[in-house]
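Notes to accompany the following structure.
The values are calculated or read from the model by the stated rules, or taken from the named source; none is laboratory data. Being a predicted model, the structure only gives us computed values, none of them experimental. Here the Cβ positions follow ideal geometry from the backbone for every residue, glycine too, while neighbour counts run over all protein chains shown.
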Amino acid sequence: MHRQAAALLCLGLDAPFDVRVEAGQAVRTRSALVAPQLMHAVDTHGSACAYLLFDPDSDDYEYLRTGSARETIRGIVTDFAEETRWIQTLTQVGKTHEPAATQAVLESLDFGRSAAPRAMIDARIQTVIALLIADTGESVPLEKLAQQVDISASRLAHLFKEQVGIPIRMFRTWYRLKSAAQLLSEGMTLTDAALRAGFYDSAHFANTFRDTFGLSPSSVFSQQRPLKWFIAS
C-alpha cells in the first residue's frame, strides 16, 4: 500500500489488473485513475502495465478526472472510453529507443481539455506554487510563504489544500521527487541528487520514494535495469 501526491493513471497493457484501497475493496480493470493522497495498491498479476503520473494541479488531471470514466471506488475512476487507444499508444513506448521518439509517443496521447469549466486558482496560491517549484531544494517555512502572499499560515494551508487538493508539504515533496529523478537522469549520483532536490540525505529520499511508489529507488534506478526517461516540465 502506498500513496503519492500525484494522480496516477494505470493502464494494463497485456491484461486487466486489480487496484484496491485500504479498506480492502478492489476492482479489476484495464484503466484506472487514482486520486492524489489515496492509499492504494496495484496488483498486475505479472502482466505489463503503464503508469503515468500527473501533477495534481495539471490540466491533464482535470481532464481525466472529469472525463469518460466512472468512479468505481471512492477516489478511483475506471474503465475509460479511450483506454484501447491509450494502451495501443503506450505499447509503442517499449518499441522506441530514442528519448525524442519516446516523448513524441507520449505527447500523441493528447489528453486535451476538460469540457467542464475549471475553477480559477487564487492568485496567492498560484504565487506559492511558483515559489515551491522554482527551488525544490529550498525549505521555506510555511510562515514565510504566507508572509509573501500576505495571509496567515493557517489560512494559506487551508486555501492551498482546498484549491490544489493536497497539503503544501505533500506538494513540495512531490516536486522534490521529480527534481531528484531529473537529476538522476542527467547522471548525478543518488546521494547528490537527493541533497540537491532538498532531501536531508539519501536515506530520507529512499524512504520517501518507497512511501510514494511502493518501490525502493535502487530497484528503479539500478544500472542493470533499462530505463527510459521522460519527465515533463
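Data for the structure
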quantity	calculated
Qualifying residue in region 110-117 (condition: exposed (fewer than 12 other Cβ atoms within 10 Å of the Cβ), among the hydrophobic types (A, V, I, L, M, F, W, C) and out of contact with any Cys (no Cβ under 6 Å at 6 or more places or on another chain))	yes
Enumeration of residues in region 128-157 that are more than 24 Å from R196 (Cβ to Cβ) and more than 21 Å from the chain's Cα centre (by Cα)	E143, A146, Q147, V149, D150, I151, S152, A153, S154, R155, L156
Where a residue in region 56-85 is over 19 Å from V21 (Cα atoms) and its partner, wherever it lies, is polar (S, T, N, Q), with Cβ under 6 Å and at least six apart	E62/S114; Y63/S114; T66/S114; F80/S31; F80/S68; A81/S68; E83/S31
Residue satisfying all of: in region 131-188; in a loop (DSSP other than H, G, I, E, B) and free of Cβ contacts under 8 Å to residues at least 12 places away in the same chain; nearest to A35 (Cα to Cα) among these	P167
Listing of strands (runs of 3 or more DSSP E) fully contained in region 24-98 that carry 2 or more residues being farther than 29 Å from M120 by Cα and at pLDDT 85 or above	26-29, 40-43, 49-54
Considering residues of region 1-30 that are within 16 Å of W86 (Cα to Cα) and out of contact with any Cys (no Cβ under 7 Å at 6 or more places or on another chain) only, the residue surrounded by the most Cβ atoms within 10 Å (Cβ to Cβ)	L9
Subset tally (residues that are closer than 17 Å to T212 by Cβ, hydroxyl-bearing (S, T, Y) and either buried (at least 19 other Cβ atoms within 10 Å of the Cβ) or over 11 Å from the mean Cα position of the chain (by Cα) (or both)) for region 32-71	1
Check on L215, in the same structural domain as A134 (by TED's automatic domain parsing) and touching a helix residue (DSSP H, G or I) at 6+ places or on another chain (Cβ under 9 Å)	no
